[in-house]
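Below: the structure, in C-alpha coordinates.
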Amino acid sequence: MKVALIGLPQSGKTTMFRALVGPGVSKEKGLLNLGIVKVPDKRVEKLAQIYNPKRTVYAQIEVVEATAVHKGDKKGGQGSTLDPALLNLLKPMDAFLLVTRAFDEEGLCEPRADVEAIIEEMMLSDLMVLEARLERDELDRKKGKSVIPAEELDALTKCRELLESGRLIAEAPDVANLAELRTYAFLTARPILVIANVAEADAGTPIEELLKRYDLPVRGLQTFACCAQIEAELQELPDDERPDFMEALGITEPAVNIVIEQVYKALGLISFLTTGEDECRAWTIRKGTLAPKAAGVVHSDIEKGFIRAEVIAYDEFEALGSEQAAKKAGKYRLEGREYAVQDGDIIHFRFNV
(Lines give C-alpha, C1' and ligand atoms only; values in the text may rest on other atoms or scores of the structure.)
Protein backbone atom coordinates (compact mmCIF):
# COMPACT_ATOMS: atom_id res chain seq x y z
CA MET A 1 0.00 0.00 0.00
CA LYS A 2 1.29 3.45 -0.94
CA VAL A 3 0.25 6.60 0.88
CA ALA A 4 1.30 10.03 -0.41
CA LEU A 5 2.03 13.08 1.73
CA ILE A 6 0.85 16.24 0.00
CA GLY A 7 0.66 19.87 1.10
CA LEU A 8 1.47 23.43 0.19
CA PRO A 9 5.01 24.84 0.65
CA GLN A 10 5.93 25.59 4.28
CA SER A 11 3.19 23.30 5.57
CA GLY A 12 5.81 21.11 7.26
CA LYS A 13 5.24 18.21 4.88
CA THR A 14 8.90 17.15 4.83
CA THR A 15 9.10 17.26 8.62
CA MET A 16 5.92 15.19 8.79
CA PHE A 17 7.55 12.67 6.46
CA ARG A 18 10.46 12.35 8.91
CA ALA A 19 7.98 12.05 11.78
CA LEU A 20 6.30 9.08 10.08
CA VAL A 21 9.21 7.14 8.63
CA GLY A 22 11.93 8.01 11.16
CA PRO A 23 15.54 8.99 10.49
CA GLY A 24 17.67 7.27 7.88
CA VAL A 25 15.02 4.94 6.41
CA SER A 26 14.02 6.84 3.28
CA LYS A 27 15.40 7.02 -0.22
CA GLU A 28 14.96 9.35 -3.18
CA LYS A 29 13.53 8.21 -6.49
CA GLY A 30 13.28 11.08 -8.96
CA LEU A 31 10.90 13.64 -7.48
CA LEU A 32 9.76 11.27 -4.74
CA ASN A 33 11.06 10.51 -1.26
CA LEU A 34 10.14 6.96 -0.31
CA GLY A 35 9.90 5.58 3.21
CA ILE A 36 8.57 2.47 4.90
CA VAL A 37 6.43 2.71 8.02
CA LYS A 38 6.15 -0.30 10.30
CA VAL A 39 2.54 -0.87 11.36
CA PRO A 40 2.47 -0.93 15.19
CA ASP A 41 0.87 -4.17 16.39
CA LYS A 42 1.01 -5.36 19.99
CA ARG A 43 -0.27 -8.75 18.87
CA VAL A 44 2.95 -9.35 16.93
CA GLU A 45 5.02 -8.31 19.94
CA LYS A 46 3.12 -10.74 22.18
CA LEU A 47 3.48 -13.65 19.74
CA ALA A 48 7.20 -12.94 19.38
CA GLN A 49 7.59 -13.15 23.17
CA ILE A 50 5.85 -16.53 23.18
CA TYR A 51 7.52 -18.16 20.17
CA ASN A 52 10.92 -16.40 20.32
CA PRO A 53 11.24 -16.61 16.51
CA LYS A 54 14.33 -15.95 14.42
CA ARG A 55 12.50 -13.06 12.75
CA THR A 56 9.67 -10.76 13.77
CA VAL A 57 8.06 -8.95 10.84
CA TYR A 58 5.44 -6.23 11.12
CA ALA A 59 3.05 -5.21 8.37
CA GLN A 60 4.30 -2.20 6.41
CA ILE A 61 2.94 0.78 4.52
CA GLU A 62 4.99 2.79 2.02
CA VAL A 63 4.85 6.55 2.56
CA VAL A 64 5.74 8.81 -0.35
CA GLU A 65 6.61 12.49 -0.23
CA ALA A 66 6.46 14.23 -3.61
CA THR A 67 9.02 17.01 -4.00
CA ALA A 68 7.90 18.46 -7.36
CA VAL A 69 7.84 22.26 -7.71
CA HIS A 70 4.64 24.22 -7.33
CA LYS A 71 2.81 26.39 -9.83
CA GLY A 72 3.61 30.07 -9.77
CA ASP A 73 6.74 29.70 -7.67
CA LYS A 74 9.62 27.45 -8.73
CA LYS A 75 11.19 27.77 -5.31
CA GLY A 76 7.92 27.16 -3.51
CA GLY A 77 6.14 29.67 -1.35
CA GLN A 78 3.12 30.19 0.82
CA GLY A 79 -0.05 30.23 -1.25
CA SER A 80 1.36 28.23 -4.18
CA THR A 81 -0.84 25.44 -5.56
CA LEU A 82 0.11 22.01 -6.77
CA ASP A 83 1.95 21.48 -10.03
CA PRO A 84 0.34 19.16 -12.63
CA ALA A 85 3.59 17.16 -12.72
CA LEU A 86 3.16 16.49 -9.01
CA LEU A 87 -0.43 15.38 -9.48
CA ASN A 88 0.63 12.91 -12.17
CA LEU A 89 3.18 11.40 -9.79
CA LEU A 90 0.38 10.77 -7.31
CA LYS A 91 -1.76 8.68 -9.67
CA PRO A 92 -0.56 5.26 -8.38
CA MET A 93 -1.22 6.10 -4.72
CA ASP A 94 -3.81 4.27 -2.62
CA ALA A 95 -4.52 7.16 -0.24
CA PHE A 96 -3.42 10.72 0.54
CA LEU A 97 -2.28 12.42 3.74
CA LEU A 98 -2.86 16.14 3.27
CA VAL A 99 -0.65 18.22 5.57
CA THR A 100 -1.90 21.72 6.33
CA ARG A 101 -0.07 24.47 8.21
CA ALA A 102 -1.67 25.30 11.54
CA PHE A 103 1.20 27.19 13.18
CA ASP A 104 2.00 30.86 12.79
CA GLU A 105 3.25 33.37 15.37
CA GLU A 106 1.13 36.08 13.76
CA GLY A 107 -1.94 33.86 13.63
CA LEU A 108 -2.22 34.30 9.88
CA CYS A 109 -2.30 30.63 8.85
CA GLU A 110 -5.49 29.41 7.20
CA PRO A 111 -5.48 25.61 7.33
CA ARG A 112 -9.08 25.30 6.17
CA ALA A 113 -8.45 27.45 3.08
CA ASP A 114 -5.25 25.53 2.32
CA VAL A 115 -7.06 22.20 2.46
CA GLU A 116 -9.79 23.52 0.17
CA ALA A 117 -7.17 24.82 -2.30
CA ILE A 118 -5.49 21.42 -2.59
CA ILE A 119 -8.79 19.56 -2.85
CA GLU A 120 -9.91 21.88 -5.64
CA GLU A 121 -6.65 21.24 -7.54
CA MET A 122 -7.22 17.49 -7.25
CA MET A 123 -10.81 17.82 -8.42
CA LEU A 124 -9.75 19.98 -11.35
CA SER A 125 -7.10 17.43 -12.33
CA ASP A 126 -9.71 14.64 -12.33
CA LEU A 127 -12.15 16.76 -14.30
CA MET A 128 -9.54 17.54 -16.96
CA VAL A 129 -8.72 13.84 -17.42
CA LEU A 130 -12.41 13.01 -17.60
CA GLU A 131 -13.31 15.78 -20.07
CA ALA A 132 -10.37 14.92 -22.33
CA ARG A 133 -11.53 11.30 -22.51
CA LEU A 134 -15.14 12.24 -23.24
CA GLU A 135 -14.12 14.77 -25.90
CA ARG A 136 -11.91 12.19 -27.59
CA ASP A 137 -14.77 9.71 -27.50
CA GLU A 138 -17.10 12.23 -29.12
CA LEU A 139 -14.64 12.78 -31.98
CA ASP A 140 -14.27 9.02 -32.44
CA ARG A 141 -18.03 8.61 -32.62
CA LYS A 142 -18.24 11.17 -35.40
CA LYS A 143 -15.57 9.25 -37.32
CA GLY A 144 -17.36 5.94 -36.79
CA LYS A 145 -14.53 4.50 -34.71
CA SER A 146 -14.74 2.39 -31.57
CA VAL A 147 -16.29 4.20 -28.63
CA ILE A 148 -16.26 3.95 -24.84
CA PRO A 149 -18.29 0.93 -23.66
CA ALA A 150 -21.68 1.86 -22.24
CA GLU A 151 -20.80 0.85 -18.66
CA GLU A 152 -17.59 2.90 -18.72
CA LEU A 153 -19.37 5.91 -20.24
CA ASP A 154 -22.02 5.72 -17.53
CA ALA A 155 -19.32 5.60 -14.82
CA LEU A 156 -17.52 8.62 -16.30
CA THR A 157 -20.78 10.54 -16.54
CA LYS A 158 -21.47 9.90 -12.85
CA CYS A 159 -17.96 11.12 -11.98
CA ARG A 160 -18.47 14.31 -13.98
CA GLU A 161 -21.75 14.98 -12.19
CA LEU A 162 -20.04 14.58 -8.81
CA LEU A 163 -17.10 16.83 -9.67
CA GLU A 164 -19.19 19.53 -11.32
CA SER A 165 -21.39 19.66 -8.24
CA GLY A 166 -18.27 20.23 -6.10
CA ARG A 167 -18.14 16.73 -4.61
CA LEU A 168 -15.25 14.27 -4.39
CA ILE A 169 -15.68 11.02 -6.28
CA ALA A 170 -14.92 9.18 -3.03
CA GLU A 171 -18.10 10.69 -1.55
CA ALA A 172 -20.01 8.18 -3.66
CA PRO A 173 -18.32 4.82 -2.87
CA ASP A 174 -20.58 2.95 -5.29
CA VAL A 175 -19.09 5.11 -8.08
CA ALA A 176 -15.49 5.35 -6.79
CA ASN A 177 -15.15 1.56 -6.61
CA LEU A 178 -16.47 0.81 -10.09
CA ALA A 179 -14.13 -1.49 -12.02
CA GLU A 180 -14.60 0.65 -15.16
CA LEU A 181 -12.74 3.54 -13.48
CA ARG A 182 -9.58 1.73 -12.35
CA THR A 183 -7.45 2.71 -15.33
CA TYR A 184 -8.24 6.41 -14.82
CA ALA A 185 -6.70 6.58 -11.32
CA PHE A 186 -8.83 9.57 -10.33
CA LEU A 187 -7.22 11.36 -7.37
CA THR A 188 -10.47 12.18 -5.58
CA ALA A 189 -11.65 8.56 -5.78
CA ARG A 190 -9.03 7.65 -3.15
CA PRO A 191 -9.27 8.27 0.63
CA ILE A 192 -7.94 11.66 1.72
CA LEU A 193 -6.93 12.21 5.35
CA VAL A 194 -5.93 15.62 6.76
CA ILE A 195 -3.16 16.33 9.27
CA ALA A 196 -3.12 19.79 10.86
CA ASN A 197 0.53 20.54 11.64
CA VAL A 198 0.39 22.64 14.81
CA ALA A 199 2.93 24.68 16.81
CA GLU A 200 5.21 23.04 19.37
CA ALA A 201 3.28 24.81 22.14
CA ASP A 202 0.17 22.94 21.04
CA ALA A 203 1.78 19.48 20.99
CA GLY A 204 -0.19 18.25 24.00
CA THR A 205 -3.43 20.14 23.31
CA PRO A 206 -6.47 17.87 22.79
CA ILE A 207 -7.10 17.27 19.10
CA GLU A 208 -10.77 18.24 19.37
CA GLU A 209 -9.78 21.66 20.72
CA LEU A 210 -7.27 22.24 17.91
CA LEU A 211 -9.69 21.24 15.17
CA LYS A 212 -12.35 23.55 16.58
CA ARG A 213 -9.85 26.42 16.71
CA TYR A 214 -9.04 26.07 13.00
CA ASP A 215 -12.58 25.27 11.83
CA LEU A 216 -11.70 21.74 10.77
CA PRO A 217 -12.50 19.22 9.36
CA VAL A 218 -13.22 20.20 5.76
CA ARG A 219 -15.79 18.27 3.71
CA GLY A 220 -16.07 15.73 6.50
CA LEU A 221 -12.57 14.40 5.78
CA GLN A 222 -10.96 12.40 8.58
CA THR A 223 -8.74 14.96 10.33
CA PHE A 224 -6.39 15.03 13.29
CA ALA A 225 -3.66 17.34 14.57
CA CYS A 226 -0.08 16.95 15.76
CA CYS A 227 3.20 18.87 15.81
CA ALA A 228 5.42 17.45 13.06
CA GLN A 229 8.61 18.89 14.61
CA ILE A 230 7.97 17.27 17.98
CA GLU A 231 6.93 13.99 16.38
CA ALA A 232 10.10 13.93 14.24
CA GLU A 233 12.23 14.49 17.36
CA LEU A 234 10.29 11.71 19.09
CA GLN A 235 11.25 9.27 16.30
CA GLU A 236 14.94 10.08 16.80
CA LEU A 237 14.93 9.20 20.50
CA PRO A 238 15.90 5.75 21.82
CA ASP A 239 12.83 3.63 22.57
CA ASP A 240 13.37 3.74 26.33
CA GLU A 241 13.42 7.56 26.37
CA ARG A 242 10.25 8.16 24.39
CA PRO A 243 7.66 7.57 27.17
CA ASP A 244 9.18 10.26 29.43
CA PHE A 245 9.45 12.70 26.50
CA MET A 246 5.81 12.12 25.56
CA GLU A 247 4.60 12.42 29.15
CA ALA A 248 6.42 15.72 29.61
CA LEU A 249 4.66 17.17 26.54
CA GLY A 250 1.25 15.64 27.22
CA ILE A 251 1.36 13.39 24.14
CA THR A 252 -0.63 10.21 24.74
CA GLU A 253 0.20 8.41 21.49
CA PRO A 254 2.74 8.97 18.68
CA ALA A 255 1.23 10.50 15.54
CA VAL A 256 2.51 7.63 13.41
CA ASN A 257 0.27 5.19 15.32
CA ILE A 258 -2.78 7.36 14.71
CA VAL A 259 -1.92 7.85 11.03
CA ILE A 260 -1.52 4.13 10.38
CA GLU A 261 -4.72 3.30 12.24
CA GLN A 262 -6.68 5.84 10.19
CA VAL A 263 -5.08 4.74 6.89
CA TYR A 264 -5.96 1.12 7.63
CA LYS A 265 -9.54 2.13 8.40
CA ALA A 266 -9.88 4.34 5.31
CA LEU A 267 -8.55 1.63 2.99
CA GLY A 268 -10.50 -1.18 4.62
CA LEU A 269 -7.33 -3.04 5.63
CA ILE A 270 -6.85 -5.72 8.28
CA SER A 271 -3.94 -7.91 9.39
CA PHE A 272 -3.78 -11.66 9.88
CA LEU A 273 -0.91 -13.34 11.69
CA THR A 274 1.39 -16.31 11.14
CA THR A 275 3.55 -17.82 13.86
CA GLY A 276 6.37 -20.28 14.37
CA GLU A 277 9.94 -20.70 15.50
CA ASP A 278 11.27 -19.22 12.27
CA GLU A 279 9.00 -16.18 12.03
CA CYS A 280 6.12 -14.29 13.61
CA ARG A 281 4.57 -11.98 11.08
CA ALA A 282 1.60 -9.71 10.32
CA TRP A 283 0.21 -9.68 6.77
CA THR A 284 -1.94 -6.92 5.29
CA ILE A 285 -5.10 -7.74 3.33
CA ARG A 286 -8.38 -6.01 2.55
CA LYS A 287 -11.36 -6.75 4.73
CA GLY A 288 -13.43 -9.56 3.21
CA THR A 289 -10.48 -11.36 1.60
CA LEU A 290 -11.13 -15.11 1.32
CA ALA A 291 -8.69 -17.62 2.78
CA PRO A 292 -7.07 -18.75 -0.54
CA LYS A 293 -6.33 -15.13 -1.53
CA ALA A 294 -4.91 -14.44 1.92
CA ALA A 295 -2.71 -17.51 1.49
CA GLY A 296 -1.49 -16.00 -1.79
CA VAL A 297 -0.18 -12.99 0.12
CA VAL A 298 2.17 -15.34 1.95
CA HIS A 299 3.17 -17.20 -1.24
CA SER A 300 1.51 -17.80 -4.61
CA ASP A 301 2.16 -21.56 -4.33
CA ILE A 302 0.15 -21.72 -1.11
CA GLU A 303 -2.83 -20.15 -2.89
CA LYS A 304 -2.55 -22.56 -5.83
CA GLY A 305 -2.38 -25.61 -3.59
CA PHE A 306 -4.71 -24.35 -0.87
CA ILE A 307 -6.44 -27.12 1.10
CA ARG A 308 -7.66 -25.42 4.26
CA ALA A 309 -6.84 -22.77 6.86
CA GLU A 310 -6.33 -23.66 10.51
CA VAL A 311 -7.49 -20.61 12.44
CA ILE A 312 -7.40 -19.26 15.97
CA ALA A 313 -8.72 -15.78 16.76
CA TYR A 314 -5.96 -13.79 18.48
CA ASP A 315 -8.18 -12.71 21.38
CA GLU A 316 -9.00 -16.36 22.12
CA PHE A 317 -5.35 -17.34 21.81
CA GLU A 318 -4.33 -14.58 24.22
CA ALA A 319 -7.01 -15.55 26.73
CA LEU A 320 -6.03 -19.23 26.67
CA GLY A 321 -2.27 -18.69 26.42
CA SER A 322 -1.24 -21.21 23.76
CA GLU A 323 -2.26 -23.08 20.62
CA GLN A 324 -2.51 -26.30 22.59
CA ALA A 325 -4.91 -24.74 25.10
CA ALA A 326 -6.94 -23.25 22.24
CA LYS A 327 -7.25 -26.67 20.59
CA LYS A 328 -8.31 -28.27 23.87
CA ALA A 329 -10.96 -25.57 24.33
CA GLY A 330 -12.32 -26.12 20.82
CA LYS A 331 -11.20 -22.69 19.59
CA TYR A 332 -8.96 -24.08 16.85
CA ARG A 333 -11.04 -24.05 13.65
CA LEU A 334 -10.68 -25.54 10.18
CA GLU A 335 -11.87 -23.14 7.48
CA GLY A 336 -12.26 -23.69 3.73
CA ARG A 337 -12.17 -21.67 0.54
CA GLU A 338 -15.19 -19.50 1.37
CA TYR A 339 -13.90 -18.29 4.72
CA ALA A 340 -13.39 -14.52 4.94
CA VAL A 341 -10.28 -13.88 7.02
CA GLN A 342 -10.84 -11.71 10.09
CA ASP A 343 -8.54 -9.13 11.65
CA GLY A 344 -6.20 -10.82 14.12
CA ASP A 345 -6.71 -14.36 12.85
CA ILE A 346 -3.69 -16.56 13.57
CA ILE A 347 -3.55 -18.88 10.57
CA HIS A 348 -1.67 -21.98 9.52
CA PHE A 349 -2.32 -22.72 5.85
CA ARG A 350 -2.41 -26.33 4.66
CA PHE A 351 -1.58 -26.76 1.01
CA ASN A 352 -0.32 -29.21 -1.57
CA VAL A 353 1.81 -28.21 -4.57
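The values are calculated or read from the model by the stated rules, or taken from the named source; none is laboratory data. In this text the structure is predicted, and so the values were computed from the model without any measurement. Every residue, glycine among them, receives a Cβ derived from its backbone with ideal geometry; neighbour counts consider all protein chains shown.
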Notebook entry, point to check: Which one is farthest from Thr188 (Cα to Cα) among residues in segment 236-268 that are among the small types (Gly, Ala, Ser) and crowded, with 18+ Cβ neighbours inside 10 Å?
Noted result: Ala255
Checklist line | Phe317 at pLDDT below 95 and aromatic (Phe, Trp, Tyr) | finding: yes
Notebook entry, point to check: Quick check, is Ala266 in contact with a Pro (Cβ under 8 Å, 6 or more places away or on another chain) and more than 20 Å from Glu45 (Cα to Cα)?
Noted result: yes
Check: Out of all the residues in segment 324-342, which are of a type in the set (S, T, N, Q) and part of a loop (DSSP other than H, G, I, E, B)?
Finding: Gln342
Margin query: Considering only segment 180-198, I want to know if a residue exists there that is within 30 Å of Leu47 (Cβ to Cβ), of a type in the set (D, E, K, R) and not in a helix (DSSP H, G or I).
Written below: no
Margin query: If I filter segment 102-123 for residues that are within 30 Å of Glu62 (Cα to Cα), touching a Pro at 6+ places or on another chain (Cβ under 6 Å) and not β-branched (Val, Ile, Thr), do I get at least one hit?
Written below: yes
Notebook entry, point to check: Inside segment 224-295, counting only helices (runs of 4 or more DSSP H) that do not spill past its ends, which hold 3 or more residues that are over 24 Å from Leu97 (Cβ atoms), among the basic types (Lys, Arg) and without any contact (Cβ under 8 Å) to a residue 60 or more places away in the chain?
Noted result: none
Check: Among all residue pairs at least 6 apart or on different chains, which show Cβ distances below 7 Å where the first residue, located in segment 169-183, is of a type outside the set (Ser, Thr, Tyr) and the second is in a helix (DSSP H, G or I) and exposed (fewer than 12 other Cβ atoms within 10 Å of the Cβ)?
Finding: Glu180/Glu151
Next item on the list: Using the structure shown, decide if Tyr339 is at pLDDT 95 or above and among the hydroxyl-bearing types (Ser, Thr, Tyr).
Entry: yes
